[in-house]
Amino acid sequence: MYTSKQDISYGIVGDDADFILKKAYAFDDEINNKDVVKDCQKCYARSMCSSCLGSFEIDKGEVAVSNPIFCETIKHVTIYTIKKLSEIKGDEERWQRLNAFLRKNVYE
Ligand code: SF4
């Protein structure tokens, strides 16, 4: 991904590993970061979104979401999940079952 874009290159094979790591960390801070993307800053799904770098258009250090279908999918899943949780929370038995499932399969 992005192998032909010099301005976001980590380096080339044979470069010093520390140099490559430094470029990678800078890339994460400056580019691969929802805090710097305008669309993401106002998005209600950002805490659930994996913000796949593949959905971003990177041009000379500027980052923008380029794939609205990716965002719509994340937003739809977020709303669906919240609605489902609200529905389950309204039923004590289902809520307890969900929590037991999470304790057994996710937290442990
Ligand atoms: S859904 Fe789109 S706009 Fe929202 S945080 Fe994810 S990448 Fe950004």
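The values are calculated or read from the model by the stated rules, or taken from the named source; none is laboratory data. If you're wondering where the values come from, they're calculated on a predicted model, not measured in any experiment. Methodologically, a virtual Cβ is constructed for each residue, glycine included, from the backbone with ideal geometry; neighbour enumeration extends over all protein chains shown. Calculation scope for accessible area: heavy atoms of the full protein, side chains included, ligands and nucleic acids excluded. Shrake-Rupley method; radii C 1.70, N 1.55, O 1.52, S 1.80 Å.
General remarks:
- Residue selected from the stretch 78-97 under the condition under 25 Å from the mean Cα position of the chain (by Cα) and hydrophobic (A, V, I, L, M, F, W, C), by the criterion nearest to Tyr44 (Cα to Cα): Ile79
- Per-region count, the stretch 37-63, residues more than 8 Å from the ligand (Cβ to nearest atom) and either at pLDDT below 80 or open to solvent by less than 40 Å² (accessible area, probe 1.4 Å) (or both): 9
- Failed condition for Tyr10, given (1) open to solvent by 70 Å² or more (accessible area, probe 1.4 Å); (2) part of a helix (DSSP H, G or I): (2)
- Residue identified as among the aromatic types (Phe, Trp, Tyr), at negative phi, exposed (fewer than 12 other Cβ atoms within 10 Å of the Cβ) and over 13 Å from the mean Cα position of the chain (by Cα) among Phe19, Phe27: Phe19
- Of the residues making up the stretch 23-34, those that are more than 13 Å from Glu62 (Cβ to Cβ), in contact with a helix residue (DSSP H, G or I) (Cβ under 7 Å, 6 or more places away or on another chain) and within 16 Å of the ligand (Cβ to nearest atom) are Asn32, Lys34.
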